[in-house]
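Taking it in order: structure first as structure tokens, then the write-up.
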Amino acid sequence: MSHHRTGAGDDNDRTSDRDRTSHGDAARAGDRDTTAARNRADAGHRAESASSEHTAHSDLHPDDDLPTPPRTAHDAFFKKVFSDVENAAAELRAVVPARVAAHIDWASLSLEYASAVGDWLRQRHGDLLYSALTTDNRPIFLWFLFEHQSSVVHLMAWELVQKVTDLMKHWLSNHPDATHLPALLSFVLYNGDARWAAPTSLTDLFDLSDQARRDFGEHLLSYRYVLDDLQATPTDAIDARQLRPHARLSLLAMKHAGTPDMLHQLRLHFADITQLLRTSGGMASLREVVYYLWTLDDELTPDRLIEELEPVVGQEIEHPMRTVAQQLEQRGYDRGFDKGLELGLRRLLVSQLEARFGALPDDLRARIDHADADALERWGTRVLSATTLDDVFNAS
């Protein structure tokens, strides 16, 4: 569904230090009030981007570079769906304990650019960072991670602590006079083959007896993340969440994709499909859901999908569904053409490089294997005048 452009090293990485601005406690309090008012006024427009003026609680400004594209269809689909602030707010609010949700001003939720928080977040392709305010106008981050692996990350709590530490360091570099840190909640949406069995609390990772852990209590470093294990969550529990049709269908697609139950679930949730198609941008959203399913199951073509759903497809939306099918069919042709073009360019580039410079190092081989057509063409042009491999891959 998407191509991971590891050839981004060819483009100059921009790592500019941000100007540090000193803020006193009184100034920060005033900023928080101003930001709270702005957040509530602009809440309906946050799905597109994080405002560069959103400085009271995050001070994270968009860089010129966009985040590295996701590596897999799963990551890309997760980001497509939950970069929408309303989808994210509904999902996060549904899985966080109610006593915690009551403290968050969900109308203030705002998506931060992943590139604005440094390379550590850019390396995690299934992550989204949101900023918000508490109901009493204090800053808070909500970090939303997606995990789709065949094995569970047992030390996830420890990995999160390291990443949270890096984020706080970055935040403090923009708030050198701060005497308090913004709160941060972490959420893991998991959709792996097996149920998530890793501890969600850092204290449970320490090699201690149960009695020692209880006695040490608050003296141990503590951090807990919120887990949403889709495979362990019954479908009716997902239905019970207060989600928009787009988010609900997307979670169901993640949970049931590639299984015989997928078509049955779509039939059961056809009211969501109908409602989605009646919303602004609904056809594009449905197209992404169907395309995601298609990338994971080649036999589930758009035409077959409509055929299977025919008993429940009303005339009112049959045409929109067929329009989706036609668009996806064209995308399939385009995808096949693009892959064929890249394969040809890749083979030609390797043969040219080996003819001039001999066997290629493994790291360059990997870089070529993951590059897109633009990078392959650019490198192929440079081969003609290059005297070293560095001239090909790292020319300014």
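Annotations for the structure displayed:
- Fully extended contour minus Cα-Cα distance, from Ala240 to Asp204, at 0.36 nm per residue: 9.9 nm
- Put simply, when 102-108, 359-365 are sorted by average Cβ atoms within 10 angstrom per residue, most first, you get 102-108, 359-365.
- Proximal charge balance of Thr200 [Cβ under 14 Å; K/R count +1, D/E count -1]: -3
- Close amide H pairs (under 5 Å, H built 1.01 Å from N) link Ser186 with Trp143, Val226, residues at least 5 positions away or on another chain.
- Net charge of Cβ neighbours under 9 Å - reference Ser186; Lys, Arg +1; Asp, Glu -1: +2
- Euclidean distance between Cα centres, the range 370-394 to the range 92-111, Å: 48 Å
- Around Gln231: net Lys/Arg minus Asp/Glu count, Cβ-Cβ under 14 Å: -3
The numbers here are math on the coordinates, done by the rules we state, and not lab data. Computed from a predicted model, the values in this text were never measured in an experiment. Quick reminder, even Gly has a Cβ in these numbers, built from the backbone with ideal geometry, and neighbours come from all protein chains shown.
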